[in-house]
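Participant: Quick one: the structure is below, questions incoming.
Coordinate-derived values only; no laboratory data. If you're wondering where the values come from, they're calculated on a predicted model, not measured in any experiment. Neighbour counts run over all protein chains shown; Cβ positions are idealised from the backbone, glycine included.
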Amino acid sequence: MTTTRQAAEHEPVARVVPMLSVPHLDRDFDYLVSTEQSDDAQPGVRVRVRFHGRLVDAFIIERRSDTDHVGKLGWLDRVVSAEPVLTSDVRRLVDAVAARYAGTRADVLRLAVPPRHANVEKQAVAELPAPVPTAVDPTAWASYGRGEQFLDALGEGRAARAVWQALPGEPWADRLSEAGAVVVNSGRGALVIVPDQRDVDTLHAAAVRHVDAARVVALSAGLGPAERYRRWLAALRGRARLVIGTRSAVFAPVGDLGLVMVWDDGDDTLAEPRAPYPHAREVAMLRAHQVRCAALIGGYARTAEGQALVRSKWAHDLVASRPVVRARTPRVIAIDDSGFSQERDPASHTARLPTMSLDAARAALNAQRPVLVQVPRRGYVPALACGRCRTIARCRHCTGPMSLPERDHAGAVCRWCGRTEPALRCVRCGSEAVRAVVVGARRTAEELGRAFPGTTVVTSGGDAVIATVPDAPAVVVATPGAEPVAEGGYGAALLLDGWALLGRQDLRAAEDALRRWMAAAALVRHRGDGGVVAVVAESSIPTVQALIRWDPVAHAESELDARIEVGLPPAVHMAAIDGAPAATTALLDTAHLPDDAQVLGPVELPPGARRPAGGAAATGPVMRMLVRVPRDGGLALGAALRRATVVMSARHDQQPVRVQIDPLHIG
DNA sequence: ATAATAACGAGA
DNA sequence: CTCGTTATTATC
């Protein structure tokens with residue numbers, strides 16, 4: 001069954017990028033286009049090509065009249081559809097991300113272009129009436145320095161860039177929607193990236209209040225292939241002009257992009273867990289840079305990365321003045337046990353956390369307001385129980401659960417009041433044996449229920465997240481990120497386990513603690529309205545001070561200074577190379593690293609880290625090597641490691657190695 | 001990946 | 001010099 005094919009008359013060569021994640025095959029390949037295929041085989045469409053005998057998916061990059069290939073060309077096997085799903089903007093972005101993260105274009109393309117759904121693609125596009133500009137009130141941005149001017153700049157199509165710290169109680173989704181509306185009204189597209197589905201829902205609800213609902217679309221993973229592709233196509237085809245989504249939406253094909261926004265960029269979920277592990281904020285900034293559009297990074301707290309953008313003058317500060325901050329924030333008290341002797345303060349025999357923070361909670365409940373209690377994620381802090389009878393170990397002062405902190409801490413520590421207990425003894429059976437158990441939010445809820453008999457106790461966390469709670473007395477126990485919004489604001493919040501958040505051996509421990517605290521505290525009424533936040537941590541710790549003073553910018557400043565001091569991102573760029581010791585050293589030996597690169601390690605992989613996938617299932621030790629280069633050496637680092645992976649993958653004897661650029665957690 | 005092929009080394 | 005094995009290279 002040999003069919004005679006005729007090459008297209010005009011530009012018979014299609015240059016394609018095949019979807020092969022093998023580094024040394026990440027090149028362009030030319031194929032012949034037949035007459036029948038010619039109309040459909042336009043740049044950006046999906047095709048199938050016979051590659052080394054196998055049929056593989058590919059995207060057409062360009063049509064050409066000639067080829068530089070010396071051998072004979074094969075034919076495009078099939079044009080999958082005429083939909084040009086890979087726009088030139090997205091293709092340039094994919095190229096840049098692959099280069100920066102030392103990955104293959106195929107891997108990035110898999111993140112950027114969702115799988116096709118033929119039925120959805122065939123459906124006719126409904127004609128939309130001409131867009132109706134919506135009214136945007138820029139005065140809502142007036143609390144933030146040059147906020148109104150920022151919106152004006154967006155309306156004028158300028159490439160304004162800002163890092164914005166939202167005030168407590170601020171309906172951030174409305175503010176981001178207003179910024180998006182200004183851009184959409186000016187005829188351009190806007191994109192907002194948020195950490196999770198809950199934020200997508202919140203933002204979408206707000207967005208349709210500010211932008212014609214037919215032009216707003218929300219992309220997220222939990223949609224199912226058909227709906228997901230339908231909405232993605234709405235963006236591609238230009239119907240949707242304000243696109244909202246989680247991390248992979250940062251690649252969404254929004255045409256004539258005028259503004260890209262990222263909310264809460266300190267959230268770990270913005271880091272893609274699949275190779276080459278790009279971070280949505282970094283991709284967003286690359287994109288803004290490439291298309292010269294505006295950018296906005298927002299959150300209650302600020303990351304060192306955000307601060308670096310401000311310090312380098314790439315972005316402006318968008319923060320409220322001190323008097324406004326003071327008026328809008330709750331009163332923050334630190335429940336601080338250290339250096340406090342019971343001899344000097346006999347009153348402290350009655351538990352200090354219960355006295356001070358339970359007082360605050362009780363006052364809020366008496367004022368008919370809900371109280372938020374933030375506890376760590378399940379499994380985050382193991383508590384202790386008797387090794388013989390399994391009774392949970394309790395603090396002698398406040399009856400809080402005891403747990404073992406990080407290694408450098410002697411004795412057990414109370415999760416509520418932070419007091420140290422050098423020698424535990426079971427109150428029931430007298431045994432001195434201890435075992436670790438995990439006390440989650442549910443148990444904390446039971447305990448608090450006992451502390452406030454007759455009060456409704458609600459828990460939110462894990463797969464049972466509650467969006468809102470009514471303005472009524474209730475104790476709301478939530479894990480970070482799952483705090484329900486209280487209508488009118490909480491009367492008080494208790495932030496437990498401060499020492500557990502701050503004591504982690506992680507480069508982002510302090511930043512992360514402040515981010516979680518502020519996210520919870522932002523839901524509390526301001527001080528003038530009686531709002532109180534009690535945080536269980538030493539008040540002398542700078543991060544606790546930053547919460548008390550509500551100064552995320554100063555905290556990010558000193559965080560950035562600290563990273564400069566010790567040479568960690570974003571002050572430098574760093575690559576982590578994980579794998580069997582032989583494999584990682586082989587890769588680094590192969591790499592022609594820049595002259596100013598420093599090789600560090602090997603270090604232990606952070607606990608819970610996955611071992612690099614692919615190839616033979618390695619069983620040996622997994623080690624991490626680190627490469628550090630100056631801040632302006634990021635591209636050179638990516639390029640050098642990219643070349644090394646090409647060489648290594650061509651020699652197919654190696655064990656799997658994972659390369660991550662600027663990983664969130666360095667080990 | 002995997003097939004073709006260039007390179008290499010030991011035995012006859 | 002040949003055969004058998006291994007390293008290298010190309011895949012349009």
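Participant: Could you give the length gained by full extension between residue A:70 and residue A:592, i.e. 0.36 nm per residue of separation minus their alpha carbon distance, to one decimal place?
Facilitator: Between residue A:70 and residue A:592, full extension yields 184.9 nm more.
Participant: For the range A:540-546, in order, what is each residue's ³J(HN,Hα) by Karplus, 6.51 cos²θ - 1.76 cosθ + 1.60 with θ = phi - 60°, in whole Hz (x at glycine and Pro)?
Facilitator: After applying 6.51 cos²θ - 1.76 cosθ + 1.60, I find 7, 5, x, 5, 5, 4, 5 Hz.
Participant: I would also like to ask the following. Determine ³J(HN,Hα), in whole Hz, for all residues of the range A:287-292 in sequence, where each value follows from phi through the Karplus function 6.51 cos²θ - 1.76 cosθ + 1.60 and θ = phi - 60°; x replaces Gly and Pro.
Facilitator: Per residue, the Karplus-derived 3J(HN,Hα) values read 5, 4, 5, 5, 9, 6 Hz.
Participant: What do you get for GluC sites (Glu not before Pro) in the range A:36-130 restricted to DSSP loop and a cutoff of at most 14 other Cβ within 10 Å of the site's Cβ?
Facilitator: A:36, A:127
Participant: Mind listing the long-range amide H neighbours of residue A:219? Cut-off is under 5 Å, sequence gap 5 or more, other chains count too, H placed in the peptide plane at 1.01 Å from N.
Facilitator: Sorted by chain and number, the residues that satisfy this are A:244, A:245, A:246.
Participant: Let me ask another. Just flag the trypsin sites (Lys or Arg not before Pro) in the range A:624-663 sitting in loop per DSSP whose Cβ has no more than 10 other Cβ atoms within 10 Å.
Facilitator: Hits after loop and neighbour filter: A:651.
Participant: If a/c stays under 1.5 just call it rounded; otherwise compare a/b with b/c (prolate if a/b is bigger, oblate if not). Do that for the range A:29-74, with a ≥ b ≥ c from the square roots of the Cα gyration tensor eigenvalues.
Facilitator: Note, shape of the range A:29-74 comes out oblate.
Participant: Taking amide hydrogens as modeled 1.01 Å from N in the peptide plane, which residues meet the under 5 Å criterion relative to residue A:162, leaving out close sequence neighbours?
Facilitator: The answer is A:295, A:296, A:297, A:316.
Participant: Arrange A:426, A:293, A:389 by Cβ neighbour counts within 10 Å, fewest through most, would you?
Facilitator: Fewest to most other Cβ atoms nearby, the residues stand as A:389, A:426, A:293.
Participant: So, one more: Determine the shape class of the range A:491-636: with a ≥ b ≥ c the square roots of the Cα gyration tensor eigenvalues, call it rounded for a/c under 1.5, and otherwise prolate if a/b is greater than b/c, oblate otherwise.
Facilitator: Prolate is the answer for the range A:491-636, as a/c is 1.5 or above and a/b outweighs b/c.
Participant: Give me the dipole magnitude in Debye, nearest 20, for chain A about the Cα centre, with unit charges on the beta carbon: positive for Lys and Arg, negative for Asp and Glu.
Facilitator: The dipole magnitude comes to about 1220 debye.
Participant: Then there's this: Need one word for the range A:426-554: rounded, prolate or oblate. Basis is the Cα gyration tensor (sqrt eigenvalues a ≥ b ≥ c); a/c below 1.5 gives rounded, then a/b vs b/c decides.
Facilitator: Values: a/c = 1.80, a/b = 1.12, b/c = 1.61.
In terms of gyration-tensor shape, oblate.
Participant: Using θ = phi - 60° and the Karplus relation 6.51 cos²θ - 1.76 cosθ + 1.60, list the HN-Hα couplings for the range A:442-450 in order, rounded to whole Hz, with x at every Gly or Pro.
Facilitator: Each residue of the range A:442-450 in turn: 4, 5, 4, 4, 4, 5, 6, x, 5 Hz.
Participant: Treat each spin label as a single point 7 Å out from the Cα along the C-beta direction, and report the residue A:389 to residue A:22 distance in nm.
Facilitator: Reported label-point gap for residue A:389 and residue A:22 is 6.5 nm.
Participant: Right, something else. Can you put A:506, A:30, A:267 in order of Cβ neighbours within 10 angstrom, beginning with the fewest?
Facilitator: Neighbour counts put them in this order, fewest first: A:506, A:30, A:267.
Participant: 5 Å is the cut-off here: which amide hydrogens, built 1.01 Å from N in the peptide plane, fall below it relative to residue A:117, excluding neighbours closer than 5 in sequence?
Facilitator: Placed amide hydrogens put nothing under 5 Å from residue A:117.
Participant: Mind checking which of A:221, A:123, A:182 is farthest towards the positive end of the range A:112-258's charge dipole, using Cβ charges of +1 (Lys, Arg) and -1 (Asp, Glu) about the Cα centre?
Facilitator: Of the listed residues, the answer is A:123.
Participant: Quick one: order A:541, A:60, A:297, A:333 by neighbouring beta-carbon count within 10 Å, fewest to most.
Facilitator: Result, fewest neighbours first: A:333, A:541, A:60, A:297.
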